[in-house]
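Rule-based calculations on the coordinates, nothing more; no lab input. Quick caveat, the model's predicted, so the values are computed rather than measured. Note that each Cβ is placed from the backbone with ideal geometry, even for glycine, and that neighbours are counted across all protein chains shown.
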Amino acid sequence: MSRLFEPAYIGKMELKNRFIHSATHEVMSTDDGHITEDLIRRYKNLAKGEIGLIIPGHLCVHPLGQGHHGQTSIYTDDMIPGLKRLVETVHENGGKIAFQLNHGGRQTPKQLIGEAPVAPTGRGRDPVSMNKPRQMDEALIEETIEAFAAAAVRAVEAGADAVQIHAAHGYLNSEFLSPFFNKRKDQWGGSNENRFRFIREIITRIKSRLPDDKPLLVKMNTFDYTPMKGMTPELAGLYAKWMVELGVEAVEVSSGSYYTFHTIRGDIPVAELTAAMPAWRRPLAKIVFGLLKKGNTFKDAYNLEAARTVKPQMDKTPLILVGGMRKLSQMEEVVANGDADFISMSRPFIREPFLVKKFREGKTGESSCISCNKCFAAMFNDMPVRCYKNGIPGL
């Protein structure tokens, strides 16, 4: 049997295979961040599909960090009952679940929180929302660190098997880590050690409150794809080394931010994406997206080379690879070569919730996802995640 289908461990958590559902924003929660029946049904199907570990969409840890409409939240205790129902549903159907904790940072739309988004540095404007962020002061930094730690405790109370910190894709943790976003000159910026301090404090505080059998994971960028240099695989490797020393049990490597479309590769559905924008922005956006199309061509395992730089810095701690994983044969090769320990997917599971089961039964050797990215465009139109290969209704 392929190693992909053998039991494997992240910390003390045993998984039935090496497949992971990478956190995918669902646009399925209520306006105030509570779980819905639609969201429960989605993860019931995914658990039945035999995925080893399911990581739902990013959970908002602080009212100022809501990154999207329909985002699930975890910043008050009254959200625990709904999260517990989600956990129980996944467990009842044979799966395990980790909650991903996140703060939108500068990518938080002002329209959602009613004020300017917060960030390490108050420079520039977000390329999607066009909002200008305000720099976080010491009090808000401390409040936000504590919000992550408190959210981790709620995740445990809800029964989650693990916790993941989101430090990728240009959100708040990613911003503190990146030389492009973080231009501070105090103890929170100006050097690699200082840029790492914010997530170091979060990791340390969460680890002090997590039971030993609940592993802590981090999802981190290897490239920001920003106009000037930000995260690199070498810097990600250094950060991963420090994370492992702090007790992080697995690191998922990814890439991208709102500055380009490179978080996901493949087609750029221009019409669908621009439909979500104000009319005055659409003409320029269509030009920009058109120019990005050529450089965003789909490539198998597009974060693999970066993973090969990060992995040697992690000792025996597992690395999770996401991005362009489509062929079972390539997944097996990546794990056999030691380039990654777990295979993480998002879009393939949107199209085929039972993909892992089909792999195991020999019914297919490749995902049928064509990377049209209309599922991604639907999110920006506040529509629930599903495969929109045949078009988004009304657009």
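The order of H91, H25, going from fewest to most other C-beta atoms within 10 Å of their C-beta, is H91, H25. Mean-square fluctuations from a GNM of the chain, with a 10 angstrom spring cutoff on Cα atoms, peak among P120, P269, P109 at P269.
When the chain is treated as a Gaussian network with alpha carbon springs shorter than 10 Å, the biggest mean-square fluctuation among A167, A279, A378 belongs to A279. Dividing the mean sequence gap of close Cα pairs (under 8 Å, 6+ apart) by how many residues the range 3-380 holds gives a relative contact order of 16 percent.
With both residues required to sit in the chain, DSSP beta bridges show an antiparallel share near 10%.
A Gaussian network model of the chain, with springs between Cα atoms under 10 Å, assigns the largest mean-square fluctuation among G52, G124, G266 to G124.
Of the residues W188, I35, P353, the one whose Cα sits farthest towards the positive end of the charge dipole of the range 3-380 is P353 (charges of +1 on Lys and Arg Cβ, -1 on Asp and Glu Cβ, taken about the Cα centre).
State the extension gain, in nm to one decimal, for the chain segment bounded by D300 and N93, taking 0.36 nm per residue of separation less the distance between their alpha-carbons. Provide the component values of the computation, followed by the final result.
On the way: separation 207, 0.36 × 207 = 74.52 nm, distance 3.07 nm.
Residue separation times 0.36 nm, minus the Cα-Cα distance, leaves 71.5 nm.
When +1 charges are put on Lys and Arg Cβ atoms and -1 charges on Asp and Glu Cβ atoms, the dipole computed for the range 3-380 relative to its Cα centre reaches about 1180 debye.
Only helical DSSP H runs with n ≥ 4 go in: add -39500 (n - 2.57) per run for the chain, normalise by residue count and round the 222 nm mean residue ellipticity to 500 deg cm²/dmol. Mind showing how you got there, number by number?
On the way: 14 runs with 137 residues, N = 395.
Computed ellipticity for the chain at 222 nm equals -10000 deg cm²/dmol.
For N182, neighbours were defined as the other residues whose beta-carbon sits under 9 Å from its Cβ, and their charges (Lys and Arg +1, Asp and Glu -1) total +2. Once you reduce the range 17-89 and the range 259-299 to the center of their Cα atoms, the two points are 27 Å from each other. Since only A158, H58, L83 are under comparison, the one whose Cα sits farthest along the positive direction of the charge dipole of the range 54-191, derived from C-beta charges on Lys, Arg, Asp and Glu, is H58.
Cβ crowding within 10 Å ranks T317, T108, T222 as T317, T222, T108, fewest other Cβ atoms first.
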